Each structure stands twice: as structure tokens, then as C-alpha cells.
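Data block below; observations after.
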Amino acid sequence: MRWKEKEVIMLSVLHSKQSKTALGIILVFLVMALIPLFVIAHFNYPCSDDFAFAEALYKGISSGNSFRAILYGAWEESVHYYKNWQGCYFNNVLSSFGLVIAVPRYYFLGTYLIIISFIAASISFFRTITYRVCKWDSEISWICTVLITAMQILYVPYPSEGFYWYVGASVYTLAYALLLFLGITLIIFYSNKKRSIRILSGLAALLSTFMIGGSNYATGLLTAELLVLAFLWMLMRKKKCLFLGIVSVEYLICFVYFNALAPSNAGRMGAVESLGVIGSILASLKQGAVFLKEWFRLPVLFFLAAVLVLGAYQVSRMDFSFRLPGLVTVLSFGLFCSMMTPPFFAGATWGPGRLINLIYFSYYFLLAGNLLYWTGWASHKYEKFCSFTQKEIKVLPVVLCFLVSLVICLKIYGLQSTNSSSALLSLAKGEAALYLGENEARWEIYEDDAVKNAEVEDFSVKPYVLYHDDITEDETDWRNSAVANFFGKDSVRLVRQEE
């Protein structure tokens, strides 16, 4: 064997070892970032809408009802909300069957379910796209996948609503995870020739569409748009798309007929201000541009730099033309903004924090996807750029530089700038333990049958990642009424601490 051939083999082996080492480091980083988020979940308690939705479940358990009677009571609760509040049937079921609300010592399990589901969905989706569809190198695919998931978790703007408040997180973050799983199942269905796998992935896709169809309207609209675009793309490419058509029809029936057109929605729409269809679309595009600029800080810049360096060589090798990059950017930005159209249409606002979280998750797909698409286009169109992207890079230094840059960002923006460091800070300072103790003290007052008009003190600490909402000094406030009904009180009121 010639010396040059030996040198190439040695460099290839060294490159592979470096990539595996880099992957190991980035996985350790993700695990370390997640540990404080899981630990602090054990210091959390139900709040806000939790009490409104799980009332029947709590009363059934407290009264010692049979398992069947408890389930029936929770089911009736979900039907009540479907008929009288909102047509999101899947959301209503998830919330009304929230066992973790009725038994607060298990409330942390809701957070575990949501974080694990989101991580599994995000990693599986990006891995499927980069490795199965785009044929990237395995280690590079894994590294970029873990990077994007870590950024979504660390910097999501409303962590309490995204992961810790059960009702809000389950009906938004979990629904978004289901959308990613739907994409995975459809890719597997069309890329795998094994009959058993196609059947299982097809059934999973049908089940996912049924659940997403009864979820929040932001995820619902985005799913409808993506299914229609995928169907049209397959038609244009003259590919078999019968099953995708079936999935799309099933989804539209669930989302439009059983959810959006539910009688309960008509009553709510009559009580709010709407911008109309055109006004809502324009407002969504404007606010999307605002978020695009507002969220673009140094951590995002460093993330994109890492993705560009790691992914440039991968996209340059792809057997894909990367046509019409401008159109791809316009369409993807429109999809990104469309998640805000339902709340603008229903209430003239871009939506609550739990919805903004979903837009933030999509923000990374928008930026990374467009960056890589334009890179692929440029590498195929311009010879000089092609020669640049064809050079393999050393993966380990890129990963180490990225991690060092995040540490620098902590110094610049402060320890509260990432959800993981904020959770760790709350744990270290004892805020989480104090918050848990004050919640437990409240719960004892609420469950005291001798107390009919409960008065509880305001929280002395409100950990950033845990605290979402609270009752008020006004006993007629809907949050107070929800707690009062949940525990069978005549009234519940907050007493402010004297400074």
C-alpha cells in the first residue's frame, strides 16, 4: 500500500475518533444541562388552570370512589369543557385526566413526561431528516441534532409554561412533539419497504393526526399547512401519495369539523376582538419579523456558526439541487409566522407564553434549515464556494469552541439567561425548597374541612422556571374560584405579605 493511501486511511480513522469524542462531549453537555431541570421539577406544585380541569378527578380520588367512577368523572369533565369552553378535545382529555394535579407529590412526573417527549421528538425528527433523508455522516448528524435540541431547551423563553405547568405544557409542548413524531412516521412510511414497519408507522401517523387535530390551534394550523404542502410536493414529483392524502383528509376532518367548528368556540369568538383573516395574517408576519430579530443573540449566532461549519460539507455532498432558495425562505418564514395567526384572529394578540415557546422551537428549524439550504444552493452553483465546502473540518475543535462560547454568554447575559443555570441557581439558593414548602402549607389549608374561607400568603420566592401564575386578592377572580371549587371552599383569597 502506498504511503499516501496509508495517510488517507490514518486521517480518516483520526477524523472518525474525533467525531465520536465530540459526540460524547455534546451528549454529556446535554445530560448536564437537563439534570437541574429534572431535579427542580420535584419542587413544583399545581397552579392556575390545573385546578379548573382536574376538579372531578381530585374529588373522585378524595372521596374514595371506584377506579371506574373516577375515570367516568374525569371523562365527563373533559366533555363539559368540549361543549362549553373549547373544541380542543385532545387538550381537554389530557387536562381532565391530569392525575399529577390531583396527587401533587407526583406533579413532577408531568414535567418528566413533557421534557422527555419533546427531547425524543426533536432529536428523532432532526436525526431522521439529516441521516435518513439527507444521508449525512452519522456523527455529524447526531451532533447537530443534539445541538439544536439543547438550544431549544436552554433558551425557550417561558420554561414554566413550556415544561412545568402541566395543563399549559401538555396541551402545547406535547402537541408540538406529536407534530414532530408525525413527520417521522410519514418519512418512515414512505422510505421503508418492509410491510410490517409501514403498517406500524401508518397507524402511528393516523393516531398522531387524530391527537394533533384536537390540540391547540397554532400547532393545528401548522400541521394542516405542512400536510398540504407535502401532498402538493409529492403530486408535483409524481410520487405515490394516497396514504398522505388519507392522513390529510382525516386530519382536516378532526381539526376543522370536530375542533375549530365546535359549538363552544362560537360562544368564545363572540366575546373577543378579532383582526379578521387578512389582518391576522399581516399581524403574524409583522410579529414574526420582530421575534426573528429579538431572539437573535450571541448564543444563536454561535449555534448557527457551528451548524454552518459542521453542515457545509454534508450538504455539498448531497444529491439534491437546492432549487429556488428564495421561495423556500419565504415559505418557511410564512409557516413560522402562521402559528400566531389563530390567536391574532381569535383575540388580536400573538398568544400566551406557552404558544410563543412553540414558535421559539420552530425558530431554530427556520434558521438552521435556511442556512443549510442556502449553503447547499451556493455550493452547487458557485465553484469557489463548492471548493470551500468540500473541505472536511475537525469536528472536536468546533464543538469545544461552541461550548466555550456558551460559557462566555453566561458571563455576558448572567446565570438567569439559560433555563438550566437558572434552575441550578434556584436549587442552590434554596428558593426551590422554600417554594415547595409554601405550596405544601397552602395545600394543608385548602384540605382543612374546618376552613371554609381560605386565606393564604403570597409566595416569598417565585423560581423563574417553576412559577407561572397564582390566585389574587380578589376572591371572585376565576383563578380563585377554580381553587375554591377544587377544594370545596366558599372562597379563597391571597393575602399580600407586609414589607
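Quick notes on this one:
- Residues of segment 89-101 that are more than 20 Å from the chain's Cα centre (by Cα), over 21 Å from Tyr467 (Cβ atoms) and not aromatic (Phe, Trp, Tyr): Ser96, Leu99.
- In segment 476-493, of all residues being among the charged types (D, E, K, R) and free of Cβ contacts under 8 Å to residues at least 60 places away in the same chain, the one that is surrounded by the fewest Cβ atoms within 10 Å (Cβ to Cβ) corresponds to Asp490.
- Lone qualifier among Glu438, Glu431, Glu473, Glu447 - being in contact (Cβ under 8 Å) with a residue 40 or more places away in the chain and charged (D, E, K, R): Glu447
- Any hit, segment 79-94, residues being closer than 30 Å to Val31 by Cβ, surrounded by fewer than 21 Cβ atoms within 10 Å (Cβ to Cβ) and of a type outside the set (Asp, Glu): no
- Residue in segment 116-130 that is more than 25 Å from Ser422 (Cβ to Cβ) and either outside any helix (DSSP H, G or I) or under 13 Å from the mean Cα position of the chain (by Cα) (or both) present: yes
- Test: residue in segment 231-240 that is part of a helix (DSSP H, G or I) and either crowded, with 20+ Cβ neighbours inside 10 Å or in the same structural domain as Trp295 (by TED's automatic domain parsing) (or both): no
- Complete set of residues in segment 1-57 that are modelled with pLDDT under 95 and hydroxyl-bearing (Ser, Thr, Tyr): Ser12, Ser16, Ser19, Thr21, Ser48
- Test: residue in segment 313-327 that is within 28 Å of Val465 (Cβ to Cβ) and surrounded by 21 or more Cβ atoms within 10 Å (Cβ to Cβ): no
- Residue list for segment 131-148, filter: part of a helix (DSSP H, G or I) and either among the small types (Gly, Ala, Ser) or in contact (Cβ under 8 Å) with a residue 40 or more places away in the chain (or both): Arg132, Val133, Ser138, Glu139, Ile140, Ser141, Trp142, Ile143, Cys144, Val146, Leu147, Ile148
- Residue ID - farthest from the chain's Cα centre (by Cα), chosen from residues in segment 212-230 that are buried (at least 20 other Cβ atoms within 10 Å of the Cβ) and either within 15 Å of Tyr190 (Cβ to Cβ) or of a type outside the set (Gly, Ala, Ser) (or both): Leu227
- Leu285 being touching a Gly at 6+ places or on another chain (Cβ under 9 Å), surrounded by fewer than 18 Cβ atoms within 10 Å (Cβ to Cβ) and at pLDDT 90 or above: yes
- Those residues of segment 149-166 which are in a helix (DSSP H, G or I), over 19 Å from Leu436 (Cα atoms) and not small (Gly, Ala, Ser), in sequence order: Thr149, Met151, Gln152, Ile153, Leu154, Tyr155
- Residue check for Asp458: of a type outside the set (Gly, Ala, Ser), over 25 Å from Ala432 (Cα atoms) and out of contact with any Cys (no Cβ under 6 Å at 6 or more places or on another chain): no
- Residue within segment 58-68 that is closer than 30 Å to Ala428 by Cα and part of a helix (DSSP H, G or I) present: no
- Residue check for Ala454: touching a Lys or Arg at 6+ places or on another chain (Cβ under 9 Å), of a type outside the set (Val, Ile, Thr), buried (at least 16 other Cβ atoms within 10 Å of the Cβ) and more than 24 Å from Leu301 (Cα to Cα): yes
- Residues that are over 11 Å from Asn44 (Cα atoms) and part of a helix (DSSP H, G or I), drawn from segment 432-448: Ala441, Arg442, Trp443, Glu444, Ile445, Tyr446
- Sole exception among (1) within 28 Å of Thr145 (Cβ to Cβ); (2) surrounded by 14 or more Cβ atoms within 10 Å (Cβ to Cβ); (3) modelled with pLDDT under 95; (4) among the polar types (S, T, N, Q) for Ser264, by number: (1)
The values are calculated or read from the model by the stated rules, or taken from the named source; none is laboratory data. Fair warning: this is a prediction, and the values are worked out from it, not measured in the lab. Cβ sites come from the backbone with ideal geometry, for glycine too, and all protein chains shown count toward neighbours.
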